[in-house]
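Inspection log for the structure reproduced underneath, given as structure tokens.
The values are calculated or read from the model by the stated rules, or taken from the named source; none is laboratory data. None of these values were measured; they are calculated from a predicted model. Here the Cβ is made from the backbone with ideal geometry for all residues, glycine too, and neighbour counts use every protein chain on show. For accessibility, only protein heavy atoms count, side chains too; no ligands or nucleic acids. Shrake-Rupley method; radii C 1.70, N 1.55, O 1.52, S 1.80 Å.
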Amino acid sequence: MIELTNIHKRFGANKVLQGTSLTVPKGTSLVIIGGSGTGKSVTLKCILGLVKPDSGTIKIEGRDISSGDRDAFLARFGMLFQGAALFDSIPVWQNVAFRLLRGSLKRPLSEAREIAIEKLRRVGLTPDVADKFPAELSGGMQKRVGFARAIANDPEIVLLDEPTAGLDPIMTNIINELILDVVGKLGATVVSITSDMSSLKVISNRVAMIHEGRIIWDGATSDVEASGNPVVDQFVHSRAEGP
């Protein structure tokens, strides 16, 4: 479904991605792990086309993302940004239904609102939240609204940047179950970023680790704790000492 080949991206003198290559099969739930500032979020933004790589290619089902109808391309995606990235000047339901109120996915206003309220229910939020503004919600609730927006159009590909960060253990489990539901019922391909090793074991069937701008290990989730790679081992076992 997703294929990255030798992706390079720098911001000024800062080389973030230095030959990142990764293949994500259709229907896979892949988690990207790695230390802070190693390029995880930039990788997701490159896949979505929000950041343009300096070199390399990104293909979705064999088609280069730089070609074709941009609106049709984006209609295949749902994205949860690290900080939720909600629009503070519109109510929650319009945030969730943002894609359904414009462009090729446009629905009637009443239908878009109904879909938004249903997606809010799926992430554990009651209908009365729909007419509130993001500033009236806690950080964890804002994260759930962001997730509801990501799945509002039942996308083929879902990109999740730290989906459970800042959530309590119960809500973390609810979001993890929802991710599994998206993969199972919709057959969606999911690429997540997480530093929560317990969530990683629940939501993924593959893991890739990025280090110094490259994917240094890629394999089954069941193998990650015995990867044989010293950098991966230090990360997944939270050791202070190591490479």
Zero-based 5 Å bins, Cα pair distances in segment 97-149, whole percents: 4, 22, 31, 23, 14, 6, 0
With every protein chain in place, segment 1-51: carbon and sulfur % of accessible area (1.4 Å): 49 percent
Accessible surface, per residue, of segment 1-118 when the full set of protein chains is kept, probe 1.4 Å, Å²: 49 Å²
Carbon plus sulfur fraction of accessible area for segment 110-220, probe 1.4 Å, in percent: 51 percent
Carbon + sulfur, % of accessible area of segment 59-103 - ligands and nucleic acids excluded, 1.4 Å: 50 percent
When the chain is reduced to its Cα atoms, the Kirkwood hydrodynamic radius in Å: 18.5 Å
Kirkwood estimate for segment 162-235, i.e. one over the average of 1/r between Cα atoms, Å: 13.2 Å
Qualifying GluC sites (Glu not before Pro) in segment 14-121, DSSP loop, other Cβ atoms within 10 Å at most 12: Glu61
Spatially proximal aspartates and glutamates relative to Lys15 (Cα-Cα < 15 Å; intrachain offsets below 8 disregarded): Asp54, Glu212
Lysines whose Cα lies under 27 Å from that of Lys9, excluding same-chain neighbours fewer than 8 positions away: Lys26, Lys40, Lys45, Lys52, Lys59
Nonlocal amide H pairs with Ile33, under 5 Å, H built at 1.01 Å: Ala208, Met209, Ile210
J(HN,Hα) series, segment 90-99, from Karplus relation 6.51 cos²θ - 1.76 cosθ + 1.60, nearest Hz, glycine and proline x: 10, x, 4, 5, 6, 4, 5, 8, 3, 6
Residues with amide H under 5 Å from that of Leu80, placed H, sequence gap 5 or more: Leu159, Leu160, Asp161
Backbone HN-Hα couplings from phi across segment 73-85 [Karplus 6.51/-1.76/1.60, Hz, Gly and Pro as x]: 4, 5, 5, 7, 10, x, 9, 10, 7, 4, x, 6, 6
Inter-centroid distance (Cα atoms) of segment 101-138 relative to segment 1-77, Å: 29 Å
Relative contact order computed over the chain (Cα-Cα under 8 Å; 6+ residues apart), in percent: 25 percent
Burial ranking of peptide ranges 69-78, 170-179, 156-165 (average Cβ count within 10 Å, highest at the top): 156-165, 170-179, 69-78
